[in-house]
Amino acid sequence: MKLLVRLGFLAAAVMLGGATPGHAQFYSGKTATMVINYGAGGTIDIEGRLFQRHLPKHIAGKPTIIAQNMPGAGGLTAVNALGKGVVGKPDGLTFGFFAFSPIAMVIGDPALQVNIADFSAVGGIGAWYVAYGRKDMLPGAQRPADMPKVEKMVYAGGYSPTSVHDVRMRLMLDLMGVKYKIIRGFQDVSAVNKAMLQNEVNFTAISLPGYENSTVPQVIDTGVALPLWQFPTSGPNGSFLDKPGLTARGIQSYELVYRDAFGKMPSGPQFDAFILLNDVSAKLGRVILMPPGTPPAAVAEMRKAYVALASDEDFKAEYLKTVRVEADLAMPEDAAAVLDKLKAVGPAVVQVIEKAASVE
């Protein structure tokens, strides 16, 4: 996301936003609803409400934005409701702040009853992920590279079969060759951590905001669990990228832990699928979408406001203070590019993801 691209998009949005008096006042005196696809009080809800508070000041007419939580089906309940007009007409006054899972879109999951490609992407937030587990799960020196030596069953805390969270856990654990069972139905990371404290699960993964705000105080600082690895993304010329802040804290990237365990780098369709899903999450872990049929004037105004947040020091400071990581904003064109990338996934990777998304 180069600065010139961002500024160019912003300039275009501003020009479009000022094209007509009616457009400039599209939201004047109105109330908009932001649908959040997970429950109140969780990491996704907290992030969404930061946007709820700061977006209006950048929208011409300064509308009121209210938040409506709609959890269920691994986040798909809200996506379906928005796309089908259940929670409001596509009149620009209803939009979604979603934890984005590309699985349903890639495999054509019938649980996804709408076409994501028909939505208008306003923008998104990148999200890095960390895997962690109970210390008593690992033998000996309790090194992450000892994971393949685990002989007892690994019980992984999950959400739903087609969630990107659960699929990536299956891919990681399959590559490691461990015996595991995913315990599903948890509503959020705090519920998973409670189960970990009670030794009902011993492995899971979470986005960096959830890790900092819930996992570290609940199970890391208390000595129950330890971080195992961070999720890598693809870099140039076949390389892999990590999150420097996590690396500086001694949390290695998954492919390096794998290399330490097996003496070689991971490869093949399973690892390719893992990297693809990481690439999407690192760029679009959260996405703001407007439903099909939304007036172009409303989309343009919302995009213009979103781009303005990149220069909003109050928003960035509150986000950092609240979420404990900097807001890694994906501009509208970047969010749209990620959605386009998911339309062209190769058949071998699709097959791997379909298998990983199936119920055991």
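Annotation: of all residues in region 58-76 being under 19 Å from Ser311 (Cβ atoms) and among the hydrophobic types (A, V, I, L, M, F, W, C), the one that is modelled with the lowest pLDDT is Ala60.
Counting only residues that are surrounded by fewer than 21 Cβ atoms within 10 Å (Cβ to Cβ), modelled with pLDDT of 95 or more and of a type in the set (A, V, I, L, M, F, W, C), region 179-201 holds 3 of them.
Name the residue that is surrounded by the most Cβ atoms within 10 Å (Cβ to Cβ), counting only residues in region 1-57 that are polar (S, T, N, Q) and at pLDDT 90 or above.
Residues of region 1-57 that are polar (S, T, N, Q), as a first pass: 20, 25, 28, 31, 33, 37, 43, 52.
In the following step, the residues that additionally are at pLDDT 90 or above were identified as 28, 31, 33, 37, 52.
Working: Ser28: 12, Thr31: 10, Thr33: 17, Asn37: 28, Gln52: 19.
Per the criteria, the residue is Asn37.
Quick check: anything in region 266-283 surrounded by 15 or more Cβ atoms within 10 Å (Cβ to Cβ) and not in a helix (DSSP H, G or I)? Outline the logic, then answer.
So the first thing to find is which residues in region 266-283 are surrounded by 15 or more Cβ atoms within 10 Å (Cβ to Cβ), and the list is 266, 269-283.
Checking which are not in a helix (DSSP H, G or I) leaves us with 266.
The answer is yes, given that some residue of region 266-283 is surrounded by 15 or more Cβ atoms within 10 Å (Cβ to Cβ) and not in a helix (DSSP H, G or I).
Kindly check whether there is at least one residue in region 321-340 that is more than 24 Å from Ala121 (Cα to Cα) and either in a helix (DSSP H, G or I) or not basic (Lys, Arg) (or both). Among the residues of region 321-340, at least one is more than 24 Å from Ala121 (Cα to Cα) and either in a helix (DSSP H, G or I) or not basic (Lys, Arg) (or both), which makes the answer yes. Cβ separations smaller than 8 Å between residues 6+ apart or across chains give the following pairs from region 262-274 residues that are in the same structural domain as Pro144 (by TED's automatic domain parsing) to residues that are of a type outside the set (A, V, I, L, M) and surrounded by fewer than 17 Cβ atoms within 10 Å (Cβ to Cβ): Phe262/Pro148; Met265/Arg259; Pro266/Arg259; Pro269/Gln351; Gln270/Asp174. Filtered by the rule that a residue be crowded, with 22+ Cβ neighbours inside 10 Å and either over 23 Å from Val164 (Cα atoms) or of a type in the set (Phe, Trp, Tyr) (or both), region 66-93 gives a lone residue, Gly92. The single condition from (1) assigned to a strand (DSSP E or B); (2) basic (Lys, Arg); (3) surrounded by 18 or more Cβ atoms within 10 Å (Cβ to Cβ) that Arg170 fails is (1). Cβ-Cβ distances below 8 Å connect the following pairs, each with a first residue in region 332-360 that is not assigned by TED's automatic domain parsing to the domain that holds Leu173, a second residue that is among the hydroxyl-bearing types (Ser, Thr, Tyr), and a separation of six or more residues or different chains: Pro332/Tyr306; Ala357/Thr162.
The values are calculated or read from the model by the stated rules, or taken from the named source; none is laboratory data. Please read these numbers as outputs of a predicted model, since none were measured by experiment. FYI the Cβ positions are ideal-geometry reconstructions off the backbone, even for glycines, and counts take in every protein chain you see.
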